[in-house]
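Participant: Got a structure here, written out as structure tokens. Questions coming.
The values are calculated or read from the model by the stated rules, or taken from the named source; none is laboratory data. Being a predicted model, the structure only gives us computed values, none of them experimental. Cβ placement follows ideal geometry from the backbone for every residue including glycine, while neighbour counts extend to all protein chains displayed. The area values use the complete protein model at the heavy-atom level, side chains included, leaving out ligands, DNA and RNA. Shrake-Rupley method; radii C 1.70, N 1.55, O 1.52, S 1.80 Å.
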Amino acid sequence: ALRGKESFAKVAKMAEYARDEINAIGGYYAYGKDLINGGSVYDFDVTKLSVYTRDIGLAGIEVYDLLRDEYDIQIELGDIANILAYISIGDRIQDIERLVGALADIKRLYSKDPASMLNTEDINPKVLVSPQTAFYSEKTRLPIRETSGRICAEFVMCYPPGIPILAPGELITDEIIEYVLYAKEKGCSMQGTEDPAVEYLNVL
């Protein structure tokens, strides 16, 4: 309350230091204020240290698990291509050094060829039926690999970030099936489906 601006200036400085050090490792990309473009990105919270990991051949969830299990570092989350660490007034420069050192280690010991990784760009959905109509329609349950060309009748989400890969009323494609299976294989938490293992999907 009394030294808030001073405290958060220190946090911002540590975060920028972390960003510079992580980007200097090579293979990682720590997002920063360079994303601000005056249009789709208005501003950037520097205390959220988000790092793209795909170029070292590892999904974010894999780096997240390695940091926790091998280096005893608990960060906020890992998804299919990124990790996110929060930096706060409770952190010290030593904590930043540990994280940077661990990421350098992970690249050296665990990196793979990124060419074998799935393209993680967003898949634009094709909506064929309204979500309400699809949700309340009669459904049938099929093995996920047999659903291509069918209309989805439930949500399929990969958490984090919890944004639907499929929503009721959307067309299921081979690309979407591959994405869902890839996210499962990498260890992402799959949500929204009646079948917790996402072996089956409800379709119209």
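Participant: Could you work out the percent of alpha carbon pairs in the chain separated by over 23 Å, rounded to a whole number?
Facilitator: 53 percent
Participant: Calculate the radius of gyration of the Cα atoms of the range 1-48 to one decimal place, then report Dmax, the largest Cα-Cα distance, as a whole number, both in Å.
Facilitator: 12.8, 40
Participant: Ok, one more. Do you know the Lys pair count in the chain for C-alpha distances under 15 Å, with sequence separation 8 or more or different chains?
Facilitator: Lysine pairs meeting both conditions in the chain amount to 6.
Participant: Find the accessible area per residue for the chain; the probe is 1.4 Å, ligands and nucleic acids are left out, and the unit is Å².
Facilitator: 57 Å²
Participant: At q = 0.11, 0.16, 0.20 Å⁻¹, what base-10 log of I(q)/I(0) does the Debye formula yield for the range 85-204 when every alpha carbon is treated as an equal point scatterer in vacuo?
Facilitator: The Cα Debye sum returns log10 ratios of -0.50, -0.79, -1.05.
Participant: So, one more: When N is the residue count of the range 111-164, what does its C-alpha Rg come to as a fraction of 2.2 N^0.38 Å?
Facilitator: The range 111-164 yields a ratio of 1.47.
Participant: If you don't mind, there's one more thing I want to ask. When the Debye formula is applied to the Cα atoms of the range 1-96, each taken as the same point scatterer, what base-10 log of I(q)/I(0) results at q = 0.10, 0.11, 0.12 Å⁻¹?
Facilitator: -0.28, -0.34, -0.41
Participant: For the range 67-136, which whole-number percentage of the solvent-accessible area (1.4 Å probe, protein heavy atoms only) is attributable to carbon and sulfur atoms?
Facilitator: Carbon and sulfur atoms account for 49 percent of the accessible area of the range 67-136.
Participant: I'd like the distance separating the alpha-carbon centroids of the range 22-85 and the range 107-158, in whole Å.
Facilitator: 24 Å
Participant: Of Gln74, Ile96, Asn202, whose Cα points farthest to the positive end of the dipole of the chain (charges on the beta-carbon: +1 Lys, Arg; -1 Asp, Glu; origin at the Cα centre)?
Facilitator: Towards the positive end, the residue furthest out is Ile96.
Participant: Could you work out the helix-only [θ] at 222 nm for the chain, with each DSSP H run of four or more residues adding -39,500 (n - 2.57) and the total divided by the number of residues, to the nearest 500 deg cm²/dmol?
Facilitator: That comes out to -11500 deg cm²/dmol.
Participant: Taking a cut-off of 16 Å, what percent of all Cα-Cα pairs in the range 158-199 are separated by more than that?
Facilitator: The share of Cα pairs beyond 16 Å in the range 158-199 comes to 30 percent.
Participant: The range 86-144: percent of C-alpha pairs farther apart than 17 Å?
Facilitator: Everything past 17 Å amounts to 72 percent.
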